[in-house]
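One structure below.
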Amino acid sequence: MIKKKLAELAVLVEAKIEGDAEVIISGVGSLASAHSGQISFFDNLKYRSFLKTTQASAVILKEAYVKDCPVNVAKLIVTDSYYAYAKIAGVFEDLKPIVPGIQATAVIGEGCHIDSTASIGAHVVIGDGVTVGARTCIDPGCYVGDRCVLGSDCHLWSNVTLYHQVTLGNRVMIQSGAVIGSDGFGFAFHAGVWHRVPQLGGVLIQDDADIGANTTIDRGAIEDTVIGQDVKLDNLIQIGHNVRVGDHTIMAGCTGIAGSTELGKYCMLGGGCRLAGHIKIADGVILTGTASVMKSIAEKGMYSSGMSCMKHSEWKRNMVRFRHLDQMMKPFLKNQNINEKEKEDDTE
Amino acid sequence: MIKKKLAELAVLVEAKIEGDAEVIISGVGSLASAHSGQISFFDNLKYRSFLKTTQASAVILKEAYVKDCPVNVAKLIVTDSYYAYAKIAGVFEDLKPIVPGIQATAVIGEGCHIDSTASIGAHVVIGDGVTVGARTCIDPGCYVGDRCVLGSDCHLWSNVTLYHQVTLGNRVMIQSGAVIGSDGFGFAFHAGVWHRVPQLGGVLIQDDADIGANTTIDRGAIEDTVIGQDVKLDNLIQIGHNVRVGDHTIMAGCTGIAGSTELGKYCMLGGGCRLAGHIKIADGVILTGTASVMKSIAEKGMYSSGMSCMKHSEWKRNMVRFRHLDQMMKPFLKNQNINEKEKEDDTE
Amino acid sequence: MIKKKLAELAVLVEAKIEGDAEVIISGVGSLASAHSGQISFFDNLKYRSFLKTTQASAVILKEAYVKDCPVNVAKLIVTDSYYAYAKIAGVFEDLKPIVPGIQATAVIGEGCHIDSTASIGAHVVIGDGVTVGARTCIDPGCYVGDRCVLGSDCHLWSNVTLYHQVTLGNRVMIQSGAVIGSDGFGFAFHAGVWHRVPQLGGVLIQDDADIGANTTIDRGAIEDTVIGQDVKLDNLIQIGHNVRVGDHTIMAGCTGIAGSTELGKYCMLGGGCRLAGHIKIADGVILTGTASVMKSIAEKGMYSSGMSCMKHSEWKRNMVRFRHLDQMMKPFLKNQNINEKEKEDDTE
């Protein structure tokens, strides 16, 4: 069990201490469940009542909330409490140390350059001409196709698949079951039959990107599909071929992005969004969960679609009205400024 | 080929027989396609016409429908025909018997306790300090991380991934490609960059739960993510970190549940539902397919959102009206009891 | 690097050449990015400006657009430019040749018939009684269950799972992470507990079908789940048990189809569609992305549902109105021809 004096943790996050700097911390806990010996954090006003009654030995918080925290609890006073918590939680994360070397059951292709500090797990299969950088860790059961290039300090968790010609920057983390570089979905319809369009591009994932479990990223048709620096993708996301995701953009689970769409930097997508293909989303766009985007968005800001649920009987009645909305509205529209022409422009 | 006398099957499901108790049954079939030697069942009124013309040798049904079934077809009369069918189908399920022992190509870590009756398939990789209970079957290609605890009679189909510190009760079944214990999606934004928040909890899956193919369940941030007893999850479902799913709750495919949300017991979710994070759903809530839930639901009952499809041209016209719904409504609302204040409360 | 004279490519696609038939082509590029030595294609009017300034050495296009293409660029004149491009791109696709034989680390069950020209990769596990046809390629980490039958010229990319009793026709391609034949989602509720209904059918995937990465197809309850000839499924699609997908139907990513639904031939589904169970979709139906289908569709044509996004503030206002649509409409409906009875029929 990892143990630290509060004073040591304070140094790590550049915090001011109020209370017992010598108290020993051996783990983290939520405000509601932490017990003596644990450190907690206060970041969400919703949990203010828990702050007042917490049993934690120490709490990370902003100056302004010190007064709400029991006197006998030590305080680490910071300006960004969630970020400080993230750093401190890292101290107590009990991850297996990387074991450099190639496990006996791994199968390595020809012409590979695998750094001696990299870790290649049991039953991993690596194709020909692959480069693996320093301290990169490839867990059991992964497949890495021909001519892939992995930077340093990457981590592929178990059962990840990289097709051929996938390039990872440094510190890229890929959760289990993710598939990177699968064929883009391109078919030419000719003489009553679908013909596969060869997908000749690869995938480029830049530094510090994270890819979630069972997420899929297709290879480009001609050029690479590109995931920018510090992009964070949650689980079960589909990224179509030729998509380009700008740096620092973050997406929650179950989102799907169709081919050739470009997202700007610092976008935030809630869960279950749907983006059409061949559109462009500006920097800083926020899509709330389940938003469906059919056309380009040129201006930053928050956008939404979808409907939140209601009692089934009520929904059913409204839905019937919706089906006749246009017809019902017609008589009342004469004296309003709704431009009929918008119909054509609006919902392509 | 498995063969049973109808009388034997009747004992299994405590049925009354009408007709030839000695008829030999060698398999099951649907009412429409069953042939002589097969048993079928009648449970859905939609298929009543097939009951009248079925070629099955026997049919499982309720007393009330005996009169609709041909005289020459034997009847197993029960009170719950679908449940009786489930038990009888089990007789004819030709699953491979579990082969106890550890296949030569499996790689087992240090300090594991693997019951001698458990079955560990080819190319399985098991980490350190893992416990595997009696008759639990881990199929080829699975990965089981450090300190996992698997109860007895569990079944992991091929290519399942359990991260470290995942706990399964007894009789838990996990379909192929599922990923349990992947990192929760937690990042702290600081100085223009996303910082990973270590996910220190695990996942607890309780007795008799079933997890579908390619479903993902994230590990908790601090405490465990919890899947209750007898919970049934279909394929391609995403369960965020810290979620708690109550006992006997069932979810159809493609549903996504964001972090820290709690579902009660005996809930039923149709396919493709979306639940926001940090909300609470009462026991016995039914969500119809594609329902999107943004706020807590305190009362049991059926809830819906989403829109069923219509001809594209019609949809397009209605959609234009929807975009101007607020604007169009204003002039007509003066004499109605729609409280403007609701705007603020209603669609957070 | 593969190099071809333009004249050779022209023969392949039966094109008329305008310009230098002797120019050497060593790859493909988009109109915007192609450089000297590459061939491009013009198929989408949106990119007309790029045609005028392309640096490609040759362009595939229709007769009508020759005048828009620079004089110094050679032209391959065809009637179907995207199909011609697909064939030419295939010339430059640098896929690893199939290596016949069984890798040493593969584990093969008893009673299998594996064609001598088939390729079985590292760490593949094949069950008992499996048939693998000529030139079929099973990549590393795949699992193929008992009694599966794979035709000739199939390709399973890495980490694909086929449960027992899955049948593939010829030229079936399955992308990584796909799971075929997982248990259908069938449970009988009895005495407060869910009881598994054994899923006794298999899965049949017919000639020339393509299955996307991490897509899941459940086995049938009694009869097989059937994917027709030339069906193209993108990534992260869920196909429930007993579903039948007609020949040449194509589906974009993230679509989910509930059990026992039948789709006709030549249907096209955009991304993220949701289809209820036990319904029937006619031949030639087009569903736009995110369409949700609750009832059968008997007539071919284009159908839609869902809502495209708008500014959050605007959406919020409209959404409030939607919640009261039925109530608001009542006073205005007396003099309109909206049949109240439709309520009952329309939104089951």
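Structural remarks
- Here's the picture: a label point sits 7 Å out from the Cα of B:Gln327 along the beta-carbon direction, and within region B:284-316 the residues with their amide nitrogen under 18 Å of it are B:316.
- Around B:Glu262: net Lys/Arg minus Asp/Glu count, Cβ-Cβ under 10 Å: +2
- Residues C:Lys52 and A:Lys295, FRET efficiency given R0 of 25 Å [Cβ-Cβ distance, rounded to 0.05]: 0.45
- Rounded FRET efficiency, nearest 0.05, which uses the C-beta distance separating B:Leu45 from B:Val193 and R0 of 60 Å: 0.50
- A crude spin-label estimate for the pair C:Ala64 and B:Glu8, with each label 7 Å from Cα along the Cβ direction, gives 7.1 nm.
- Backbone geometry of region B:266-275 corresponds, through the Karplus equation with coefficients 6.51, -1.76 and 1.60 at θ = phi - 60°, to 3J(HN,Hα) couplings of 6, 7, 10, 10, x, x, x, 6, 10, 10 Hz, x marking Gly and Pro.
- Teacher prompt: B:Ala134 distances to equivalent labels in other copies, 7 Å Cα→Cβ, nm: 5.3, 5.3
- Projecting the Cα atoms of A:Ala191, B:Thr105, A:Ile39 onto the charge dipole of the protein assembly as shown, computed from C-beta unit charges around the Cα centre, puts A:Ala191 farthest toward the positive end.
- Each part gets one Cα centre, and for region C:192-251 versus region B:184-224 those centres are 30 Å apart.
- Rounded to 0.05, the FRET efficiency of the A:Ile98 and C:Lys96 pair, given R0 = 35 Å and the Cβ-Cβ distance, is 0.70.
- Set of region A:293-324 residues, backbone N closer than 16 Å to the point 7 Å along the Cα-Cβ line of C:Lys311: A:297-305
- Chain B: relative contact order in percent, alpha carbon pairs under 8 Å with at least 6 residues between: 6 percent
- Just so you know, the Cα atoms of the protein assembly as shown work out to an Rg and Dmax of 29.4, 87 Å.
- Under a model in which nothing but the beta-carbon of Lys, Arg (+1) and Asp, Glu (-1) is charged, the protein assembly as shown shows a dipole of about 3080 debye around its Cα centre.
- Within chain A, helix-based [θ] at 222 nm, where runs of 4 or more DSSP H residues each add -39,500 (n - 2.57), nearest 500: -3500 deg cm²/dmol
- Computed over neighbours whose Cβ is under 13 Å from that of C:Ala118, the net charge equals -2, Lys and Arg +1, Asp and Glu -1.
- Other copies of A:Glu22: label-to-label distances in nm, shortest first, labels 7 Å along the beta-carbon direction: 9.2, 9.2
- q = 0.10, 0.12, 0.16, 0.18 Å⁻¹: log10 I(q)/I(0) that the Debye formula gives for region C:1-141, counting C-alpha atoms only: -0.49, -0.59, -0.74, -0.84
- Pairwise Cα separations in region B:245-294 fall into 10 Å bins from 0 onward with the following percentages, short to long: 31, 65, 4.
- Positive dipole terminus of the protein assembly as shown, leading residue within C:Thr290, B:Ala118, B:Cys69 (C-beta point charges): C:Thr290
- Relative to the Cα centre, the charge distribution of chain C, modelled as +1 at Lys and Arg Cβ and -1 at Asp and Glu Cβ, gives a dipole magnitude of about 1400 debye.
- Net charge dipole, region C:86-211: roughly 120 debye, given to the nearest 20, about the Cα centre with Cβ charges of +1 for Lys and Arg and -1 for Asp and Glu.
Each value in this text was obtained by applying a stated rule to the coordinates, not by laboratory testing. Note that the structure is a prediction, hence the values are computed from the model and not measured. Because the Cβ atoms are built from the backbone with ideal geometry, glycine has one as well, and the counts that use them run over all protein chains shown.
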